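S.K.: Handing you this structure, nothing more for now.
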Amino acid sequence: MSGMNLALGSARLDPFDQFPVQLTTQHHRLLHHWLSTYATMMFDDAHGQAFNPMRDVWCPLDLSNAASFNAIMAHSAAHLARMQGLRQSKEALKFKAEAVRIVQVWMEDPERALSDDVLAAVLRLLTYERYWGTEAEWHVHYNGLSNLIQARGGIEALQSNWRLELTTFLVSLMSKPSWFDCSNQIEELSGQHLAARLHPVLGDTVNLHRIRCLWLLSFVQDVGTFRANSPEIYSHGTSQFPAIKEALGLLKLHLRQNETGSMRQGPCTDSEFTRLACLFFICTLLQQSTSDSRAATDLSGRPSHYDTQLVSYLNTFLDSSRPQWYGSIENLYTTLFCTFDASWRTGLNMEYIRNMTGIMASMTGGVRYGVERCLLNILCRTESNGFDAFDEEWTPDLLLSQIPPQ
């Protein structure tokens, strides 16, 4: 990181005026922050032949036109403000407004209204709203993107621009702006889909791998949003729910006893898959409870609280079934996925969670390990806002900066 920071800090980022706008000092600062966020993925030469979603997809799209560039500047400004402890960024809103203005101008031009530039810009505005806006604003851009795709003739019509084809296809699988929501169509990425080999996009195994890598980037960003949208959990962990806390402690202990670290090699083992699935189950339920609460209080502008009734329901269930799962992650998996039934009140989909686990299992061992550490760090905080050495520094931002090409 220090070498990369030195290189960026001492050089002109646009010596040949190749950026879509004339760079200012403000642009330089935000570009530096944006590139630093994805340091390993952008600058790790050890994986030159591996697919790199930032270098190979998002960076070319973000620098392809002025609207996309302003949207990523908004994203960078909002992220920088959050790191500085600010809840809102006027700078981010300014760049977002400029991106929207440019798109509106293009939409009034018949020759440009359905262009790749418009699609790329709307995709980045969707990214901004996912993490810094509201679900309602996300749906506005999502519906706009859907209309553009339909007018272009469907996603198949984007094959001439494979970057747009893959990113647009991934977004089309979403109905809610978080992969922790079971209403999304993630089964197509799991490799279990019966018609996958006939799919116009996923029928190509290279495309499937690339879309999974793009999904990983999106998922890790969702982990950061999950933390931001669950301030009570991040401040105090699950101390109010002792049975859930005990189940998480079991998963954490198993990880510590059976994993050698972030450099682990080899495919995902059965026990690792079981542990990941249990962790994703708990996170998905907590996300659902937070989403339900936010839907009722979204206009308040205050940090949301999670639905304690829903979380208490899981806690009571785990407490009453403790003899069935205590001391065994395999038994905990069976208890959660085969005995617990909350679909009638939460919209939980066990198969969705298994599919999400399967996609994560296809990633490298270091990435899987980092995702587990981040989620356990969020969920296992103590009442004193502390954490032990096992959790130290494992944050979504750190993981994002260290994800290697896959």
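The values are calculated or read from the model by the stated rules, or taken from the named source; none is laboratory data. Remember, predicted model here, so these are calculated numbers, not experimental data. A quick note on method: Cβ atoms are made from the backbone with ideal geometry, for glycine too, and the neighbour counts reach across all protein chains shown.
S.K.: On the given criteria, is A113 farther than 30 Å from G85 by Cβ and either modelled with pLDDT under 95 or surrounded by fewer than 18 Cβ atoms within 10 Å (Cβ to Cβ) (or both)?
M.R.: yes
S.K.: Out of the residues in the stretch 140-177 that are polar (S, T, N, Q) and not in a loop (DSSP other than H, G, I, E, B), state the one that is farthest from H199 (Cα to Cα).
M.R.: In this case the residue turns out to be N143.
S.K.: From the list A121, A50, A77, A66, which one is within 23 Å of the chain's Cα centre (by Cα), touching a residue at least 40 places away in the same chain (Cβ under 8 Å) and over 29 Å from D181 (Cα atoms)?
M.R.: Details: A121 fails: over 29 Å from D181 (Cα atoms); A77 fails: over 29 Å from D181 (Cα atoms); A66 fails: within 23 Å of the chain's Cα centre (by Cα).
A50 is the lone residue from the list that is within 23 Å of the chain's Cα centre (by Cα), touching a residue at least 40 places away in the same chain (Cβ under 8 Å) and over 29 Å from D181 (Cα atoms).
S.K.: Let me ask something else. Could you check A50 against (1) outside any helix (DSSP H, G or I); (2) buried (at least 17 other Cβ atoms within 10 Å of the Cβ); (3) in contact with a Pro (Cβ under 6 Å, 6 or more places away or on another chain) and say which number it fails?
M.R.: Every listed condition holds for A50 apart from (2).
Residues are listed down the side, and each one gets a yes or a no for (1) closer than 22 Å to F340 by Cβ; (2) modelled with pLDDT under 95:
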| residue | (1), (2) |
| --- | --- |
| W215 | no, no |
| F226 | yes, yes |
| N229 | no, yes |
| Y234 | no, yes |
| A243 | yes, no |
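S.K.: Next question. Is there any pair with a first residue in the stretch 315-337 that is under 22 Å from E351 (Cβ atoms) and without any contact (Cβ under 8 Å) to a residue 24 or more places away in the chain and a second that is polar (S, T, N, Q) and surrounded by fewer than 16 Cβ atoms within 10 Å (Cβ to Cβ) whose Cβ atoms are under 7 Å apart and which are 6 or more apart or on different chains, and what are they?
M.R.: Here the result reads S321/T339; N331/Q324; T335/Q324, each pair linking the stretch 315-337 to a residue that is polar (S, T, N, Q) and surrounded by fewer than 16 Cβ atoms within 10 Å (Cβ to Cβ).
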